[in-house]
Amino acid sequence: MISKNEIKLIRSLALRKNRKSEGLFVAEGPKVVGDLVNAGWKPVHLYDTEGAEGATPITEEELRRASFLQHPQRMLGVFRLPEPTTDEVPLPRGLCLALDGIQDPGNVGTIIRIADWFGIRDLYCSEDSADAFGPKAVQASMGSIAHVNIIRTDLSCLVDRMPQTTPVYGLLLDGSDIYTASLETGDALVVMGSEGNGISEALRARINRRLLIPSFNTSAGRAESLNVAVATAIACSEFRRRGL
């Protein structure tokens, strides 16, 4: 049985300030919980309506009261957040992504999943981006949060520390066609801007490689932009297609 206090704790983890103070986050469903466990994340609490080994039994009604999902998926786990590092934020190694002010946690989670698919291990997030360990972002990652290193930092300071020769790509309306532009090998950072405002002015000034995903629809009334997660997938696909 799950206690009322345990349900209260779980529900409180909807807020980032509570996740930060408790050092905990929630994952739901056998797929997401299973991927975290298989990657070495040990649950602080694990609840399962089917009585899995090592889990606390929970009824369907109790799970509905604790869950953040409209349709709860049998299993819920409470995990510890990664320990904050006191070391200097590592510089990009290989192809890395940076999220600048991405507000929608669903988009953040989907981009984590995209990074995992394309073998991108480091994902830098600005301080004003949605928390990657919020319930919606964790769920949207579909377990990929277990395989991607999430680094929350000041992106402008990060870029300032990088060698000037390191490419900092940004998806911008005045960029070069990504399908014909020269893309460099080695360490690189690809910056994705917020859904409404794009890349911030401070970070835009630090981008040294501007890219554009062209529209192939020239008719009036066409879509004005792409969803940021879709744009991220297209960009990652083109980099990987070229073997970068």
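The values are calculated or read from the model by the stated rules, or taken from the named source; none is laboratory data. Note that the coordinates shown come from a computational prediction; the quantities given were computed from them, not determined experimentally. Remember, those area values only see protein heavy atoms, side chains included, never the ligands or the DNA or RNA. Shrake-Rupley method; radii C 1.70, N 1.55, O 1.52, S 1.80 Å.
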Which whole-percent values make up P(r) of the range 1-112 when all C-alpha to C-alpha distances are grouped in 10 Å steps starting at zero? 12, 39, 34, 12, 3
In degrees rounded to 10, the 0-90 angle between helix 228-241 Cα long axis and the longest Cα principal axis of the chain is 60
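Can you show me the helix-derived [θ] at 222 nm for the chain, built from DSSP H runs with n ≥ 4 at -39,500 (n - 2.57) apiece and divided by the number of residues, rounded to the nearest 500. Provide the component values of the computation, followed by the final result.
Details: 9 runs with 76 residues, N = 244.
Calculated from helices alone, the mean residue ellipticity at 222 nm is -8500 deg cm²/dmol.
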Through the Karplus equation 6.51 cos²θ - 1.76 cosθ + 1.60, θ set to phi - 60°, convert the phi angles of the range 94-107 into ³J(HN,Hα) values in whole Hz; use x for Gly and Pro. x, 7, 10, 10, 10, 10, 10, x, 6, 8, 7, x, x, 5
Show the residues, 5+ positions off or on another chain, whose built amide H is closer than 5 Å to the amide H of Leu81. Leu24, Phe25
Give the cross-link partners of Lys31 among the lysines, using a straight C-alpha distance below 25 Å as the criterion and excluding same-chain residues fewer than 8 apart. Lys8, Lys20, Lys42, Lys136
Solvent-accessible area per residue for the range 48-118 at a 1.4 Å probe radius, Å²? 55
So, with a 1.4 angstrom probe, what is the percent of accessible area on the range 94-183 that is carbon and sulfur? 52
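Counting DSSP beta bridges in the chain, what percent are antiparallel, to the nearest 5?
30
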Leu97's amide H: which non-local residues (gap 5+, or another chain) put their own amide H closer than 5 Å, with H modeled 1.01 Å from N in plane and none for Pro or chain starts? Asp122, Tyr124, Val190
